[in-house]
Amino acid sequence: MATRVPREDLRGGTGRGGLAPGEQPGVRGHPEQSGWDLTTLRRREREPWFDPAGLLLVEDDDGLAGSCWTKLHPPGDVGEIYVIAVDPDRQGLGLGRALTLSGLASLAERGATTGMLFVDGANTAALRLYDSLGFALARLDRAYVGEVRP
C-alpha cells in the first residue's frame, strides 16, 4: 500500500507506508472520518482516484502519529488533501503543518498546480494553520437540520 516520507523532521517520527490492523487514517471524533476500520480503508482504496503515493503516514515510538491522504481531481491539475489527521495526544507539535506541507509537495510532484481541502468551520486551529499557509476561502458550505414530524 502506501508511501511518502515527509521531508520535515517530524520530532523523531518517520514516514512509512501501510496501516497495521486497527490503525485508522481518519480523524478520531470527526463525524465523517472517525471510526474507520480496515473494511472502510479497503473500500476507499478501490475508488478510481486512489493512488497509494498519496497516502502519507507518520509514526513515532508510540505508533501512528498522523496521516495525510491526498488525491488528484481530473484532469490532475487540482490536488486535494482528502483526509489529514494528527493523533490528539500529539497535537501542538507541528505535525499538522508538516503533514500539510508534505501532502502539498506530494500533490505537486504528481502534477497538481492547485491545492484544496475542506475543513470544519469550528476547527479554529486548522483554520489558522491553513490561513498561515496561504490558503484562501473558495466557498462556504452549510448543513442544516430540522425536526421531522409525521
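We did not get these values from a lab; they are worked out from the coordinates using the rules stated. All of these numbers come straight from a predicted model, not from anything done at the bench. Note that we place each Cβ from the backbone using ideal geometry, even for glycine, and neighbour counts take in every protein chain shown.
Descriptive notes on the structure:
- Environment charge of W49, counting only residues whose C-beta is closer than 10 Å and scoring Lys/Arg +1, Asp/Glu -1: -1
- Long-range tail of P(r) for segment 27-150 (Cα pairs > 23 Å, %): 36 percent
- Restricting segment 36-105 to trypsin sites (Lys or Arg not before Pro) that sit in a DSSP loop and have at most 16 other Cβ atoms within 10 Å of their own Cβ leaves R46.
- You can think of it this way: the chain between A122 and A143 has 6.3 nm of extra reach, that is 0.36 nm per residue less the Cα-Cα gap.
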